[in-house]
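Read the structure below first, then the notes.
The values are calculated or read from the model by the stated rules, or taken from the named source; none is laboratory data. Please read these numbers as outputs of a predicted model, since none were measured by experiment. Ideal geometry is used to build each Cβ from the backbone, glycine not excepted, and the neighbour counts take in all protein chains shown.
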Amino acid sequence: MTSRPHEKPVRPLPPHPDDAAWNRAPRPDEVDPAVLGALLRRHGWQRRGGAAGRYGRWTPPGPGSAGTSLLVPESRAFPDSDDLLGEALDALARSATPAARELLISLAVPSDEIRWWRDAPDGPGGAAPWSADEQLRGAARQMLLAAALATRARAGYHGARHRRPAAALLQDVLVGPAAEGRALTAFAPVPAGRALAVTLHHALHAAREAVDYQRATGGMDAFDGAVEAGVSRELTEALTALVRGTEGARVAVAWAPAAGIPEGCAPAAEPVEFSPGDLPALRAAAARYLRAEPSVPVQVTGTVDRLRRSGPGGEGTVRLRVLAGAEVPHVRVTLGEEDYRVAGHAHLVGVPVRVRGRLERRGGFRRLTGARGVVPVRVDDAERERLTKALQENLDCFEEDPGQGPPEAYRDGDRG
């Protein structure tokens with residue numbers, strides 16, 4: 001018997017904040033010639049002459065570029081500036097190269113660019129294994145999520161905390177074309193995604209310095225200080241996933257020319273490199289962060305959505321959908337007989353409960369230990385409606401753990 005429908009309601013995805021710009025090519029009157037020139041230089045295009053002070057002739061990188069060029073005005077000071085920009089944009093739109101597509105993305109949605117490279121062994125005929133692309137994308141997403149978590153709080157181990165707002169921050173990130181499992185670019189729109197890019201920039205350099213210190217001295221102390229820069233177990237695991245099975249990997253963050261350089265960041269930072277020789281230090285750091293992160297004293301308010309105990313009396317376990325007091329979607333709590341009875345009655349009448357305890361790092365901060373003082377929280381009709389609406393809007397955050405069945409209000413003959 002279950003207390004929820006077999007199928008979750010399907011809700012439409014929220015619209016991208018820049019849908020209008022993303023669904024069409026940028027117009028000449030929307031493009032700053034200086035920004036276009038900076039992006040061309042970043043993507044390896046070379047300026048090869050042109051009328052000084054008026055326009056530049058740019059050719060793309062790589063072989064086979066002879067005869068292909070763009071005329072880009074240096075400013076809007078001349079009447080033909082829009083015509084030249086329009087011709088350049090048309091040429092980029094007709095090009096099939098990944099660099100041209102990335103240029104158009106950056107022009108349509110001004111973004112900080114995050115790039116990953118993996119030096120993976122070639123397969124037959126230079127092809128990459130199918131799993132290489134999955135590994136690259138998976139590691140890149142892990143890394144972005146780790147940076148998003150660090151924008152919410154600095155911690156050596158985040159576990160399940162702050163996952164919902166961190167995942168929401170990633171919804172605005174765009175992804176460019178991948179290069180056979182070896183290269184990938186993400187675009188973090190500014191200003192919404194700038195904090196994500198800045199945090200990742202600082203965290204990558206701090207992780208590199210901490211790894212260098214560990215390999216030179218054998219000490220792990222530098223990883224403790226790196227937490228303030230955004231390094232965490234989640235980031236070290238993402239770096240491990242990126243490097244594993246390669247001859248080396250690199251990550252670079254490049255700032256949107258239209259938005260300028262963030263305070264405290266280098267204008268043109270070199271890619272941060274990691275090698276297979278760094279893996280022992282990264283794995284040791286991940287284990288250290290897990291051990292060192294302390295449990296957290298909290299006072300949680302939540303609704304009871306599952307109760308379980310082995311007999312008609314004694315202690316039992318309840319699961320709370322968290323409404324306030326902890327940055328996790330749900331927690332499990334072992335309660336004594338009286339507190340368990342209070343939780344059962346609160347479930348029957350449909351009111352939340354409040355409980356104090358310590359949020360344990362074991363299991364990802366999903367378990368409350370030392371729980372005490374379970375009390376129902378009285379709410380008026382308006383507040384009850386607000387809480388119900390909040391739960392309905394976040395059903396996707398309250399998935400069951402793998403291997404568990406659907407929630408049941410009472411089990412094993414217990415009726416509160």
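Numbers below:
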| read-out | value |
| --- | --- |
| Residues being in contact (Cβ under 8 Å) with a residue 60 or more places away in the chain and part of a loop (DSSP other than H, G, I, E, B) - total across the stretch 326-348 | 4 |
| Selected residue (criterion: surrounded by the most Cβ atoms within 10 Å (Cβ to Cβ)) from residues of the stretch 173-204 that are touching a residue at least 40 places away in the same chain (Cβ under 8 Å) and of a type in the set (Val, Ile, Thr) | THR185 |
| Considering residues of the stretch 213-251 that are loosely packed, with under 15 Cβ neighbours inside 10 Å and in contact with a Phe, Trp or Tyr (Cβ under 9 Å, 6 or more places away or on another chain) only, the residue farthest from LEU200 (Cα to Cα) | GLY219 |
| Qualifying residue in the stretch 132-141 (condition: over 30 Å from PRO294 (Cβ atoms), among the polar types (S, T, N, Q), outside the structural domain of GLY245 (by TED's automatic domain parsing) and surrounded by fewer than 22 Cβ atoms within 10 Å (Cβ to Cβ)) | no |
| Contacts under 9 angstrom Cβ, first residue in the stretch 300-325 being outside the structural domain of VAL355 (by TED's automatic domain parsing), partner assigned to a strand (DSSP E or B) and crowded, with 17+ Cβ neighbours inside 10 Å, 6 or more apart | none |
| Residue satisfying condition, being modelled with pLDDT under 90 and under 30 Å from ALA292 (Cβ atoms), within set GLY363, GLY350, GLY413 | GLY363 |
| Conditions (1) at pLDDT 85 or above; (2) assigned to a helix (DSSP H, G or I); number of the one not met by GLY56 | (2) |
| Residue within the stretch 152-166 that is of a type outside the set (D, E, K, R), in contact (Cβ under 8 Å) with a residue 12 or more places away in the chain, within 25 Å of GLU293 (Cα to Cα) and part of a helix (DSSP H, G or I) present | yes |
| Condition check for VAL322: modelled with pLDDT of 90 or more and either in contact with a Pro (Cβ under 8 Å, 6 or more places away or on another chain) or over 17 Å from HIS158 (Cβ atoms) (or both) | yes |
